[in-house]
């Protein structure tokens, strides 16, 4: 996640999404940088955008906040007028927003997002800065720390992993990134689990207890 002015640009984020049996786990570190300065060690990089899905942010703070406001508003209108949106509908909306910006200005938003949710089954998508959307069947990661987290995920992910084990794996992968990437960190790790029951944030004290094992 970046907090920037025209002279300062420094990336520092790790977000993770994992497809599990019966749900999706999303997780993110909590450090926001302003240049080389740790501006906020309790930054929110994981947001509920509908009753059945959530969204991770990596990149520029302002760009992500602008996108988040539109996503939340449009999906809320959809819920009121039509019913529960599908994950694909949210991904299409975000992809169109990003690709339109790039098409008309040739200056893309500084973002890389994950959308995870549950409609008829758990789903996970990675969306790049110009709107390219990739459906993920196992896991995904974004941000500077992704080079480390992917190593953990590649080595330890198992098809059919339980949601509880998915939470542990997500935390482990971000802890590994925090140890190796100086711009990844924060006070804790934010974790959501998304199942047929909806979006649930895991209590911070539980995440701290898991993180201590790694």
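Here, each number is a calculation from the coordinates, and none is a lab measurement. None of these values were measured; they are calculated from a predicted model. Please note: Cβ atoms are built from the backbone with ideal geometry, for glycine as well, and neighbour counts cover all protein chains shown.
Considering every alpha-carbon pair of the chain, the percent of pairs per 10 Å bin, from zero through the bin containing the longest distance, is 9, 37, 37, 15, 1. Legend: ranking of residues 136, 81, 121 from fewest to most surrounding C-beta atoms inside 10 Å; resulting order 81, 121, 136. One decimal place: the segment residue 42-residue 80 gains 10.5 nm when fully extended, by the rule 0.36 nm per residue minus the C-alpha distance.
Comparing mean-square fluctuations of 12, 59, 160 from a GNM of the chain with C-alpha springs under 10 Å, the top value falls on 160. The percentage of C-alpha pairs in the range 125-214 whose separation is greater than 16 Å is 59%. Legend: ranking of residues 208, 71, 80 from fewest to most surrounding C-beta atoms inside 10 Å; resulting order 80, 208, 71.
Under a Gaussian network description of the chain, with springs only between Cα atoms under 10 Å, the residue in 191, 70, 24 that fluctuates furthest is 70. Residues 82, 111, ranked from the fewest to the most other C-beta atoms within 10 Å, line up as 82, 111.
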